[in-house]
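First comes the structure, then the notes that go with it.
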Amino acid sequence: MINPIKRFTIPIAHMTSIMRSKTLGLSIAFAGLLAFMPGQCQDDSYDVEVFRDYQVGVFRTEAVGGTYGRDSNVVYENEYSITTSLPATRFLRFRHSWGGAVATGAQRLEFAIHGGNTSIFNSIGIQVTMSNQTGPLRILSDYATQNIGGWTYVSISKNLLGIGNGRFYQLDFINIGTQPITFWLDEIRLTRTTGSTAVINVNPSQTIRTLTDPLFGVACNVWDERFDEASTKFRMREAGIKMIAYPGGTNANVYNWQTNTEVINGAIGLVDTSTFLKVADQVDSQRIIAANYGSGTPELARDWVYYANIIKGGNVIYWTIGNENYGAWSYDTHEFRHDAITYAHFVKDCMELMKAVDPRVKIGITGTWSEFAYPQRVTVQNPVTGTWTNGWTPVLYTELRKLGVTPDFMEMHFYPTGPFAESDNFLIQSNDMWNYVLPPAQRLLREYLGPPGESVPIFMGENNGNFFLPGNQSTSIVDALYLIESWTTVNKLGGNGFTWWNLHQQAETNGNLSELLYGWRMYGDYGIMSRERPPGIAPPINERYPAFFAFKLLKLFARPGDRLVRATSDNGLLSVVASKSVLTGKVRLLICNSSRNRAIPTAITFSNYSPSASILTYRYSTVEDSANADLTLMKRVNSRSLNT
């Protein structure tokens, strides 16, 4: 049975079934009524950006046989261009380091180029690689006339470049002449088109998964002096946080829970175990604790379980051993530092001792999705593919299998990019990178641990847009859009936990505050709320950032026990996820419109479900964000009365 709900306009953020939307925003239902005229349109929010003041996202640059650098003197737009000097036959390359950007709807390669006062276009060859297929060499002078002494904006269709469909992997500018050349480039992008309208199909009879508490998580910090304040706890309940991670990131390997101190400098923690457990109870949240691997012992971990669960009755079920133990940045006092074999034996001892105290506890390990990252002192062979590797994760799994140990879960951390590479387009599009994270991680568990690895859950223990020096993107609605998209994809790909970094951090002004990034807060902050630090920069305590409202929409959209059900959108800028309440059977939609500048007329069709006549919607958009306001509660509307 198919029940269409005529035509509407989707812009931003809603909650139960249908309503209006607008420009960049989050949705939990949607809204609005417009004429529905299918077609294609170009929207720069959908473009794949390569260089805009800096290399964008995970694009990497190299000048093979030449030199390159940023230049603030010869600029087409904004603050910087990239300049290169290339001897004959050498080239400047832009390469996507994650195997290629999604290029669905690719239309044209566009860029600005300045050749100085010398005619050089007939000496520049352009070559594009899509997935593993490199297109033919094209001579720039065949497609553009050089503006000697000034900038030339070049736009070349995909067909003229001789490239097919696939992922946008590589772009080369090659000196095909006989003399050295110098030129400048700016605003490099691959333009794409997507639908001018959208069609959403929802089938509540097709269940994707059941949601659980660990999928609504946020990290907290042992140094957070505002954690136990009434306003903090009120906001945590408002956001619907159902899992809290402690003691927070790299603190895990330097924190001694018994003395409530950092082992390096003796600093006293501001959130001890008792306080953490109390707050988790007060906000009705599950908890996950990372035991100290770097400077602790299995006995210290055992005693922590005894204190938390037996003495305090804290009901802490999930325990991770250490934090990012593979990385040189993680504190480690063992004879072999950041060593997977040492870690495997530590995990074995922890599991035996901790489960002897409380058999209910689940013990997790830290790993990655890569078969080759973080080289170890031994080499192991993949039992399925025969591949030899010395990567942390394969060595760890191989040793655990020898020891007869199967972890209760595996924890990974993922941030799609680093500082001063942020792009709003890239962050939204980076949601696709989860396909290179979760499925490979699941495959490694199966291949190296054997049949038991099939059932090992994967928790995403940290996620945010940028792994270091947060800029103003972290406090913008774009980060909130990414949170929703990321949460949705982790769920669809079979992740079993999702923890956002962080509850509170602090405002920072040394990150990327580029005008190219959307947002009005001229500081970065990993927190979903302000910690009011440092004074004079950060807003008042617990002022809510857009990421907070992403959690609030998730709370309205679904709760643990509810089911995600099948929902699809045919528009690349409009995403949708649907849930079905375990209590009422009602279906809710969470819709995100990532376009910066247009509403998207949308038709919604339900299969095997008849929506109610009244629809309640909530919206969070650039309108609410600019006003520093709460979600907008839309009026109940009668879906039968809406006109096309």
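The values are calculated or read from the model by the stated rules, or taken from the named source; none is laboratory data. For clarity, every value in this text was computed on a predicted model and none was experimentally measured. Here the Cβ is made from the backbone with ideal geometry for all residues, glycine too, and neighbour counts use every protein chain on show.
A quick yes/no check of all residues on (1) in the same structural domain as residue 272 (by TED's automatic domain parsing); (2) more than 23 Å from residue 282 (Cα to Cα); (3) surrounded by fewer than 16 Cβ atoms within 10 Å (Cβ to Cβ):
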residue: 303; (1), (2), (3): yes, yes, no
residue: 308; (1), (2), (3): yes, no, no
residue: 315; (1), (2), (3): yes, no, yes
residue: 322; (1), (2), (3): yes, yes, no
Worksheet, complete the sentence: For the range 101-142, the count of residues that are touching a residue at least 60 places away in the same chain (Cβ under 8 Å), over 26 Å from residue 572 (Cβ atoms) and either outside the structural domain of residue 174 (by TED's automatic domain parsing) or among the β-branched types (Val, Ile, Thr) (or both) equals 3
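Tell me, which residue of the range 608-635 that is in a loop (DSSP other than H, G, I, E, B) and not hydrophobic (A, V, I, L, M, F, W, C) is surrounded by the fewest Cβ atoms within 10 Å (Cβ to Cβ)?
Just the residues of the range 608-635 that are in a loop (DSSP other than H, G, I, E, B), to begin with: 608-613, 627-631.
Imposing the further condition that a residue be not hydrophobic (A, V, I, L, M, F, W, C) reduces the set to 608-612, 628, 630.
Numbers: 608: 13, 609: 18, 610: 9, 611: 20, 612: 13, 628: 12, 630: 13.
Checked the range 608-635; the qualifying residue surrounded by the fewest Cβ atoms within 10 Å (Cβ to Cβ) is 610.
Can you tell which of 406, 387, 379, 398 is of a type in the set (S, T, N, Q), more than 25 Å from the chain's Cα centre (by Cα), under 25 Å from residue 213 (Cα atoms) and not assigned by TED's automatic domain parsing to the domain that holds residue 58? I'd like the intermediate steps shown before the answer.
Working: 387 fails: under 25 Å from residue 213 (Cα atoms); 379 fails: under 25 Å from residue 213 (Cα atoms); 398 fails: under 25 Å from residue 213 (Cα atoms).
Just a single option satisfies the conditions, and that option is 406.
If I go through the range 227-242 residue by residue, how many of them are in a loop (DSSP other than H, G, I, E, B) and surrounded by fewer than 20 Cβ atoms within 10 Å (Cβ to Cβ)? Give the steps one after another, and end with the answer.
Taking the range 227-242 and keeping what is in a loop (DSSP other than H, G, I, E, B), we get 227-229, 240-242.
Now narrow it down to the ones that are surrounded by fewer than 20 Cβ atoms within 10 Å (Cβ to Cβ): 228-229.
Qualifying residue count for the region: 2.
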Discussion item. I'd like to check which strands (runs of 3 or more DSSP E) are fully inside the range 553-597 and have at least 1 residues that are in contact (Cβ under 8 Å) with a residue 12 or more places away in the chain and under 19 Å from the mean Cα position of the chain (by Cα).
Written reply: 574-580, 587-593
Worksheet item: Which of (1) closer than 18 Å to residue 444 by Cα; (2) in contact with a helix residue (DSSP H, G or I) (Cβ under 8 Å, 6 or more places away or on another chain); (3) not in a loop (DSSP other than H, G, I, E, B) does residue 364 not meet, given it meets every other one?
Response: (2)
Response to the item:
Every listed condition ((1) under 28 Å from residue 552 (Cβ atoms); (2) charged (D, E, K, R); (3) in contact with a His (Cβ under 8 Å, 6 or more places away or on another chain)) holds for residue 209 save (3)
Response to the item:
Counted residues in the range 431-476 being over 30 Å from residue 527 (Cα atoms) and not in a loop (DSSP other than H, G, I, E, B) come to 12
Worksheet item: Across the range 199-226, what is the total count of residues that are surrounded by 24 or more Cβ atoms within 10 Å (Cβ to Cβ) and either part of a helix (DSSP H, G or I) or basic (Lys, Arg) (or both)?
Response: 2
Worksheet item: When residue 605 is evaluated against the numbered criteria (1) closer than 16 Å to residue 206 by Cβ; (2) in a loop (DSSP other than H, G, I, E, B); (3) polar (S, T, N, Q), which criterion, by number, is the only one it fails?
Response: (2)
Worksheet entry | Selection within the range 162-189 - at pLDDT below 95 and over 32 Å from the mean Cα position of the chain (by Cα) | 162
Worksheet item: Out of all the residues in the range 520-548, which are in contact with a Leu (Cβ under 9 Å, 6 or more places away or on another chain) and among the small types (Gly, Ala, Ser)?
Response: 524, 527, 547
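Which one of 267, 230, 245 is of a type in the set (Gly, Ala, Ser), at negative phi and within 27 Å of the chain's Cα centre (by Cα)? So that I can check it myself, show each step before the final result.
Working: 267 fails: within 27 Å of the chain's Cα centre (by Cα); 230 fails: within 27 Å of the chain's Cα centre (by Cα).
Criteria check complete, one pass: 245.
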Response to the item:
Output for Cβ contacts, cut-off 6 Å, separation at least six or different chains, first residue without any contact (Cβ under 8 Å) to a residue 60 or more places away in the chain and within 16 Å of residue 223 (Cα to Cα) in the range 267-284, second among the aromatic types (Phe, Trp, Tyr) and buried (at least 17 other Cβ atoms within 10 Å of the Cβ), reads 270/223; 271/227; 273/257; 276/246
Worksheet item: Looking at (1) farther than 18 Å from residue 169 by Cβ; (2) surrounded by fewer than 21 Cβ atoms within 10 Å (Cβ to Cβ); (3) among the polar types (S, T, N, Q); (4) touching a helix residue (DSSP H, G or I) at 6+ places or on another chain (Cβ under 9 Å), which is the only condition residue 118 fails?
Response: (4)
Worksheet item: Looking only at the range 123-138, which residues are within 11 Å of residue 174 (Cα to Cα) and out of contact with any Gly (no Cβ under 7 Å at 6 or more places or on another chain)?
Response: 124, 125, 126
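Residue-wise test of (1) within 24 Å of residue 498 (Cα to Cα); (2) touching a residue at least 60 places away in the same chain (Cβ under 8 Å); (3) not in a loop (DSSP other than H, G, I, E, B).
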site: 369; (1), (2), (3): yes, yes, no
site: 372; (1), (2), (3): no, no, no
site: 378; (1), (2), (3): no, no, no
site: 386; (1), (2), (3): no, no, no
site: 402; (1), (2), (3): no, no, yes
site: 429; (1), (2), (3): yes, yes, yes
